[in-house]
Structure formats: structure tokens, C-alpha cells
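Enquirer: First, the structure itself, so that you have it in front of you.
What follows is calculated from the coordinates using simple rules that are stated; it is not laboratory data. Small disclaimer: the values here were computed from a predicted structure and weren't measured. Cβ: placed from backbone, ideal geometry, glycine included. Neighbour counts: every protein chain shown.
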Amino acid sequence: MEMLVSSVEQGSLSAAARKLRIPVATLTRHINDLEALVGTKLLVRSTRKLDLTDAGADYLAAAKQILEQVDEQQRRAAGEFTAPRGELVITAPVQVARLRLLPVVDQFLAQYPEIRIRLLQSDRNVDLIDAHVDVAIRIGHLRDSSLVATRVGSLRAVVVASTELLTKRGMPATPEDLRGYPCVVFDSPNLSTWHFRNPDTGEISTIAEVPRLLVSSPDAAVDAAIDGIGATLVLEHDVAAAVSAGKLRHILQEFEVEPIPVHLLHLSRKVMPMKLRAFIDFAVPKLREKLAEFGRVPSV
């Protein structure tokens, strides 16, 4: 069942074999044995992709439920529901993990010696079920879901530019001044499109400028802005050090939108493992404290 689920999630038998660290021939044989056992085809295989048959789709849904039940029973047998122990899988955006979460994780591990943590750092939202994640830290407004969310703070999205660029191109007085202005865009779910709020009317506007440089990490956006390539929009904690050092300057502060919320998420469970309860109780107040210094829109 695990091999079937992995094959579908990965999109091919070879990709699933690599993830499971087994030969493709072994995985193929077990899938064939499973189909022989249930008496029907579950997968339609081509050179390019895998497709589920109707029976395969039904079986896959049931297999996921069964594997989840097996996993829960193994957790019970390991004592995870009677004491805080075992592996805890956490996912968080790269910079939030490095700047805000890791100090909390370090303190937590010192207090709970029987818990191990696997930290997945990604600026893309990881599926908690598919990736077997216990806890996620998410930046941005949440979509309706079955996840349990606890707000732990917020982060300002700020526009910054180097003194060199501002001297050369002028200080933008309004968001409209950014049209035609060289910009470095961090390609992320919350910052790819630049939003601004009119301080008088509260109206939200969008600047969809073609970037001079498009990057996939906030560090690269900040470095490019320091080099004078263009203005950039990043989260305040990404640029705090460069601003303090005088390498970059805030611009258009009075047009900032409301700070972006940060939540801690986990799956809804009938019975929560004690390692998860211990981490939530420990981390939520500490994350709120660490994020409290950010998220406040400056008075102008």
C-alpha cells in the first residue's frame, strides 16, 4: 500500500523507487502482486505518467486511511500518546525557520530529550498529510481547510532600496512612481504581487511591474537590492540587518498594507500525540514573543 501511494504521489514508479530507496524492479513486482491480490488493475502505466483506474482510485483512498490508522497504532505502541517522545516533523518558510523557529526548537529539544525533530524548510506550502508533517508554520491568509490554526503573530511586508538607486532614480513618493522603476521581485506566494494601501481612503492597489530581476529567495532579493539592481518587497525580518547597517532604506512606508499573519497549523486529531501537544504549548507563546517585534506598521 505504501508503495502504491508513493508511486501515485511521485508520478512514476522510478521516482517512487528513488524516494523509497528500493530498486524499480522490486517496487514493480510488489505493485503487480498487490493487483493480483485484489484481482484488478489499479494503475495504468505509460512511458510518461501513471493513471489510476476507477478501482485504483477507490483503493488508494482506502489505503491512505488504513496507513494512517497503522501509523497511529504504531505511535501508540511507541508510547507517543502517554509521554512526549518520538519524531516530530515541522515545516516552515526558510527565513522564519532560521530567524524565529530554530531558537524555539533548540530550547524545546533541551527540555524534551526523548523527542527528535525533523525540520523541513521550504517557502512553498507543504501538504501535511502527504509529507507526514505534524506542525506547519505558514505566512499569509489561510484558506478554509480542516487544519487547526493558531495565530502566533504577523510580519510586515516592506519596500526597500539602496541609497545609490534612490539617488540615481529618485525617491518614489507614491506606489505609482514604481511603474517603470527597476524592481527585484521575490517569487513567493505572498510577495510576488506588490500591494499598497492608500493611507487616506484605505483602498488597496496592486503594482504588477515586470521585474528587472526575479529571484526565488529573499536573501537574493536583498543582496540584489543592496547592489542597486532595483527596489524590492520582502518581509521586514529579511531586511532588518541591511537597514540597520545603512545598506538599504525603507520607502513608501505610509502605503504599507496590514501586516501578514503568521499561523501555526496542525491536523485535527481525535487524540493528539503528547509530543505534538507539548510542542504547541511550548512554541506558541515563544513564537508570539519573537514575532511581536515585527508586524507593527510604523506611525508616519
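Enquirer: About the Cα centre of region 157-255, how large is the charge dipole given +1 on each Lys and Arg Cβ and -1 on each Asp and Glu Cβ? Please answer in debye to the nearest 20.
Expert: Numbers: 7 positive and 13 negative charges, 47 e Å.
So the dipole magnitude of region 157-255 works out to roughly 220 debye.
Enquirer: What number of lysine-lysine pairs in the chain show an alpha-carbon separation below 28 angstrom, given a sequence spacing of 8 or more or placement on distinct chains?
Expert: So the count works out to 14.
Enquirer: Next question, about the same structure. At q = 0.08, 0.16, 0.21 Å⁻¹, what log₁₀ I(q)/I(0) does region 89-237 have when each alpha carbon counts as one equal point scatterer in the Debye sum?
Expert: Debye output, listed in q order: -0.30, -0.95, -1.32.
Enquirer: For the residue pair I204 and E254, what label-to-label distance in nm results when each label sits 7 Å from Cα along the Cα-to-beta-carbon direction?
Expert: According to this spin-label approximation, the distance is 2.2 nm.
Enquirer: Taking the Cβ-Cβ separation of R18 and Q73 as r and a Förster radius of 22 Å, what is the calculated FRET efficiency to the nearest 0.05?
Expert: My answer for the efficiency is 0.20.
Enquirer: Can you pull the one-decimal nm distance between simple spin-label points at R169 and S217, each 7 Å off the Cα toward Cβ?
Expert: 2.3
Enquirer: What FRET efficiency, computed as 1/(1 + (r/R0)^6) with R0 = 25 Å and r the Cβ-Cβ distance, is obtained for D127 and A55, rounded to the nearest 0.05?
Expert: So, using R0 = 25 Å, E works out to roughly 0.55.
Enquirer: Is it possible to state the helix-based mean residue ellipticity at 222 nm for the chain, with each DSSP H run of 4+ residues giving -39500 (n - 2.57), the sum divided by total residues, to the nearest 500 deg cm²/dmol? What is it?
Expert: Details: 9 runs with 109 residues, N = 300.
Rounded to the nearest 500, the figure is -11500 deg cm²/dmol.
Enquirer: Let me ask another. Relative contact order of region 2-77: what whole-number percent is it, with Cα pairs under 8 angstrom and at least 6 residues apart?
Expert: That works out to 26 percent.
Enquirer: Let me ask another. Where in region 203-230 is the amide nitrogen less than 19 Å from a point lying 7 Å along the Cα-to-Cβ axis of R179?
Expert: Counting backbone N atoms under 19 Å from the label point, the list is 203-212.
Enquirer: Could you let me know the centre-to-centre spacing of region 92-160 and region 187-219, using Cα atoms, in angstrom?
Expert: 23
Enquirer: Place +1 on the Cβ of every Lys and Arg and -1 on the Cβ of every Asp and Glu in the chain, take the dipole about the Cα centre, and give the residue among V160, T53, L88 whose Cα lies farthest towards its positive end.
Expert: L88
Enquirer: Would you indicate which of (i) 43, 25, 16; (ii) 31, 21, 18; (iii) 27, 21, 21 is the value of semi-axes √(5λ) of the Cα gyration tensor in Å derived from the coordinates of this structure?
Expert: (i)
Enquirer: Only Cα pairs under 8 Å and at least 6 apart count here; give the relative contact order of the chain as a rounded whole percent. It would help to have the intermediate numbers written out before the result.
Expert: Values: 484 pairs, mean separation 66.3, N = 300.
In percent, rounded to a whole number, it is 22.
Enquirer: I need the peptides 159-169, 21-31 ranked by packing, meaning the mean over residues of other C-beta atoms within 10 angstrom, with the highest value on top.
Expert: 159-169, 21-31
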